[in-house]
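Here the structure is laid out as structure tokens; the discussion comes afterwards.
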Amino acid sequence: MYIRPAVFGDKEAIAHLWHQGWHDAHAELVPPEVLPYRTQSHFPIWLKEAPDTFYVARSGENLLGFVSLQGIEVVKLYVAVGSRGTGVASALLSFAERTLRENGVLEAVLLCTAGNARAERFYRRQGWSLFDTFDDALWATGINHKFVVSTHRYRKKLSE
């Protein structure tokens, strides 16, 4: 496995994995009215509009997972179904933390939809601490309605 910055050729695989991973982790935690705005066709649009920087974990031609960063935040972390439980998520998160630290970030943040128990356990095991919980508007471009979901904010000191 290797991790590198995403390139144009990764976009289709990232969008597909993001769609699948989002539904696995979030579909039952959000208002059902959100689901029509989370079809396979929406994710390539959001990927194109995303201001974060994406990194991919690959083994040969296979996309194992991806992580994205913006400022002090780990924005997205998704792992392919067949790679879950294999250490890919830990490798991606460690890579993200190292990259942020190299960019001068001393304390990083990440958001997690409240109720995503698998992610919550993972972040705690990786040394992240729950800082607060708040109502956050979900990303849904092209519509006027805001969908709100309870969201955890985690923090981690990155200084050595």
_Can you pull out every residue in the range 49-100 that is more than 19 Å from residue 153 (Cα to Cα) and among the acidic types (Asp, Glu)?_
49, 61
*asked:* So, in the range 3-46, exactly how many residues are open to solvent by less than 40 Å² (accessible area, probe 1.4 Å), of a type in the set (Gly, Ala, Ser) and assigned to a helix (DSSP H, G or I)?
replied: 4
*asked:* Out of 118, 98, 124, I need the residue that is more than 23 Å from residue 149 (Cβ to Cβ), charged (D, E, K, R) and not in a loop (DSSP other than H, G, I, E, B). Which one?
replied: 98
*Look at the range 109-160 and say how many of its residues are hydroxyl-bearing (Ser, Thr, Tyr) and at pLDDT below 90.*
3
*Yes or no: residue 78 touching a Cys at 6+ places or on another chain (Cβ under 9 Å) and of a type in the set (Ser, Thr, Tyr)?*
no
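Listed here are the residues, each with its yes/no results for (1) under 18 Å from residue 26 (Cβ atoms); (2) touching a Phe, Trp or Tyr at 6+ places or on another chain (Cβ under 6 Å); (3) in contact (Cβ under 8 Å) with a residue 24 or more places away in the chain.
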position	(1), (2), (3)
84	yes, no, no
90	no, no, yes
99	no, no, yes
104	no, no, no
107	no, no, yes
124	no, no, no
138	yes, yes, yes
147	yes, no, yes
158	no, no, yes
*Could you please tell me which pairs satisfy a Cβ distance under 8 Å, a separation of 6+ or placement on different chains, a first residue in the range 25-42 that is under 17 Å from residue 78 (Cα atoms), and a second residue that is modelled with pLDDT of 85 or more and aromatic (Phe, Trp, Tyr)?*
38/22
*Taking residue 49 and the conditions (1) loosely packed, with under 12 Cβ neighbours inside 10 Å; (2) modelled with pLDDT under 95; (3) farther than 22 Å from residue 113 by Cα, which numbered condition does it fall short on, given that it satisfies the others?*
(3)
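The values are calculated or read from the model by the stated rules, or taken from the named source; none is laboratory data. Quick caveat, the model's predicted, so the values are computed rather than measured. All Cβ positions, even for glycine, are placed from backbone atoms using ideal geometry, and neighbour counts span all protein chains on display. For the accessible areas, the whole protein counts, side chains as well, though only heavy atoms, and no ligand, DNA or RNA atoms are used. Shrake-Rupley method; radii C 1.70, N 1.55, O 1.52, S 1.80 Å.
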